[in-house]
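Colleague: Got a structure for you, questions after.
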Amino acid sequence: MFKTINALSIAISLSLVVVMQPQALSGTVGAITSWGLDMQDQVTNTPSGTDFAAIAGGDYHSLALKSDGSIVGWGRDGHNQVTNTPTETGFTAIAGGYYHSLALNSDGSVISWGRDNFDQVSNTPAGTGFTHIAGGGYHSLAFTIPEPHTLLLASLASLGLTLRRRRSAR
């Protein structure tokens, strides 16, 4: 019995650690410095200021997330990866692919723009609940964390335990 209680405590602790979500805009802001090849103005057009919370790079374009949740794009724009940068606020993360970009909205939805030759824009998943994003060459990724009760039940099941509802006396 003691081992089961210990295992249950471990399972609950692991579940609680997994569901903690980092915040992209944690209040830390700063300035952007860029260097290297400047064929498409991806260095000379780097925005100035000190209110940036995150940066991401594509092939010849770059993105910056401002502290207000807005996005700035610059560099090569051959596939509208700069001109189609969303103008609204409320974004919490950004990522750059080869010729496409994506952003995570505060409601957990994902938006993509730029080149769509392999459905990396048109197949952007609908819905909310995403917590992290990443851009690959011609693909993108979005990450979700299961609901806490789902993780707890899965942890208990892996230990061979089940939860039973206690019947009330009538």
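Colleague: When you scan the stretch 30-46, do you find a residue that is at pLDDT below 95 and of a type in the set (D, E, K, R), even just one?
Modeller: yes
Colleague: Scan the stretch 96-120 residue by residue and report those that are farther than 16 Å from residue 80 by Cβ and of a type in the set (S, T, N, Q).
Modeller: 105, 106, 109
Colleague: How many of the residues in the stretch 59-102 are assigned to a loop (DSSP other than H, G, I, E, B) and touching a residue at least 12 places away in the same chain (Cβ under 8 Å)?
Modeller: 23
Colleague: Mind listing just one residue for me: the one in the stretch 59-84 that is among the polar types (S, T, N, Q) and crowded, with 21+ Cβ neighbours inside 10 Å and, of those, nearest to residue 33 (Cα to Cα)? Can you show your working first?
Modeller: First, pick out the residues of the stretch 59-84 that are among the polar types (S, T, N, Q): 62, 67, 70, 80-81, 83-84.
Filter once more, keeping what is crowded, with 21+ Cβ neighbours inside 10 Å: 62, 81.
On the way: 62: 12, 81: 21 Å.
Of everything passing the filter in the stretch 59-84, 62 is nearest to residue 33 (Cα to Cα).
Colleague: Just to be sure, is residue 133 more than 10 Å from the chain's Cα centre (by Cα), of a type in the set (A, V, I, L, M, F, W, C) and more than 17 Å from residue 52 (Cβ to Cβ)? Walk me through how you get there before you give the answer.
Modeller: On the way: more than 10 Å from the chain's Cα centre (by Cα): no; of a type in the set (A, V, I, L, M, F, W, C): yes; more than 17 Å from residue 52 (Cβ to Cβ): yes.
Considered against the rule, which asks whether it is more than 10 Å from the chain's Cα centre (by Cα), of a type in the set (A, V, I, L, M, F, W, C) and more than 17 Å from residue 52 (Cβ to Cβ), residue 133 comes out as no.
Colleague: Which one of 96, 108, 90, 127 is touching a Ser or Thr at 6+ places or on another chain (Cβ under 8 Å), at pLDDT below 95 and either crowded, with 20+ Cβ neighbours inside 10 Å or on the phi > 0 side of the Ramachandran plot (or both)?
Modeller: Of the residues listed, the single one that is touching a Ser or Thr at 6+ places or on another chain (Cβ under 8 Å), at pLDDT below 95 and either crowded, with 20+ Cβ neighbours inside 10 Å or on the phi > 0 side of the Ramachandran plot (or both) is 127.
The values are calculated or read from the model by the stated rules, or taken from the named source; none is laboratory data. Computed from a predicted structure; not experimentally measured. Reconstructed Cβ throughout: ideal geometry from the backbone, glycine too, with neighbour counts over all protein chains shown.
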